[in-house]
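Here's the structure, in structure tokens; my notes come after.
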Amino acid sequence: MRLNPDFTSLKTLTITYRTPQETLLSTPQTLPTAEPATPQVRYTVSSNDLPVMNVSVYRAIYTAAVYAGGRYVTAGTLNWRMKKNGANVTSGSASVAANAFYTVNAFFYDVRVGDVLEIALWSSVTDSRFDYSAFQVQVTRIVPINRQRLLMPCNFTAVSSQPTLTSGTPNAAVTRNYTINTADLLTVSQATARNVPVLYAGSLYGIYRLGDGDTSNANSAVVQTHTSYRPNYNRNTVPTTIVFRGVSLD
């Protein structure tokens, strides 16, 4: 090990998130009482959906937040299934009260350009409706540089809440913290910016993990219901500016 380690220049990584895609149907669709052959929600991941990073990083893993919403007239059970490229990811159900809105918050972990992400919905009662969907890709587990895994510093100088949904009657029901990772072992949950003097970008988790879609609910979904809000949705606090310097010790 060198007594005088080599340092890279101080680098600033900025991550710019795309505006989420949203669709609010003017005429709601009636939910079937059996699983439909064609899911109501379908998005194909394109390069234009990925967050924009101003510098190249060694590794980045992408997650996708997909939302589906509507309204129940009669109380019943909402059934949902997540699919990726036509294959089952997971499925579940939730009770929805009469005259309440529902929002399925589905999080697909490790998505790539060309992946087809779908949500199928069906109901135990015949008068349930579907009329809303949204989609955004987020980035997690970044390893900024390969050889210089030790970073001095690694400062998360700016964060934002993603996505911000605007159609319908939106409400951010839950905002998950991101987690700063040290050597894949120690974790610190963060809701705001954080300065870290020394950080090691481990092979598994990188320098941080997102909340929903990675630390929580990876390849799974949660259903939020409300009498007024649709979408009533989960979102993440995401780092948007990271300042770091790599260190070579060998």
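The values are calculated or read from the model by the stated rules, or taken from the named source; none is laboratory data. Just so it is clear, the structure is predicted and the values come from calculations on it, not from any experiment. So basically every Cβ, Gly included, is an ideal-geometry build from the backbone, and we count neighbours across all protein chains shown.
In this structure, does Thr175 turn out to be touching a residue at least 60 places away in the same chain (Cβ under 8 Å) and assigned to a strand (DSSP E or B)?
yes
Does Asn217 meet the test of being in contact (Cβ under 8 Å) with a residue 12 or more places away in the chain and touching a His at 6+ places or on another chain (Cβ under 9 Å)?
no
Given the conditions (1) at pLDDT 95 or above; (2) more than 22 Å from Asp115 (Cα to Cα); (3) in a loop (DSSP other than H, G, I, E, B), and given that Ser9 satisfies all but one, which numbered condition is not satisfied?
Exception for Ser9: condition (1).
Need pairs with beta-carbon distance below 7 Å; first residue polar (S, T, N, Q) and within segment 201-214, second not in a loop (DSSP other than H, G, I, E, B); sequence gap 6+ or separate chains.
So the pair list comes out empty.
Report whether or not Ser93 is exposed (fewer than 13 other Cβ atoms within 10 Å of the Cβ), free of Cβ contacts under 8 Å to residues at least 40 places away in the same chain and hydroxyl-bearing (Ser, Thr, Tyr).
no
Filter segment 127-168 down to the residues that are among the hydroxyl-bearing types (Ser, Thr, Tyr) and not in a loop (DSSP other than H, G, I, E, B) and list them by number.
Tyr132, Ser133, Thr140, Thr157, Ser160, Ser161
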